[in-house]
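Here is the structure we will look at.
Quick note: the coordinates plus some simple rules give every number you see, no bench work behind them. Just so it is clear, the model here is predicted, and its values are computed rather than measured. Positions of Cβ are generated from backbone atoms using ideal geometry, with glycine treated the same way; all protein chains shown enter the neighbour counts.
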Amino acid sequence: MAGGVEDPRIVESHDGTYVLTYTQWNRDVPRLAVATSRDLIVWTKHGPAFAHASGGKYLRFESKSGAISAESRVIASSRPGCMGSTGCTSRPRSGAGDVR
């Protein structure tokens, strides 16, 4: 069974790269993860956000619902009452398609 994306938040960086933070689940520990995209269609996963922090000290800790606070434009985020597997959709302001 493949994993999914829960609690997604997307911002657009100054260079036009979209940065997604989301909760990933390995059936053991939920972790905050990061992925990037240039077009909101093809994504590069970068794994758990804290995998290498302090020598991997936090890799086994639960972490969820992260956000990026910067001078970036919020593209999509969870809405109240929408959980990862319910099919709620946020539309990117750029009109590039649905983010699920």
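Things worth noting here:
- Burial ranking of peptide ranges 50-60, 15-25 (average Cβ count within 10 Å, highest at the top): 15-25, 50-60
- If the chain linking Val42 and Lys64 were pulled fully straight, counting 0.36 nm for each residue of separation and taking away their Cα-Cα distance, it would gain 5.6 nm.
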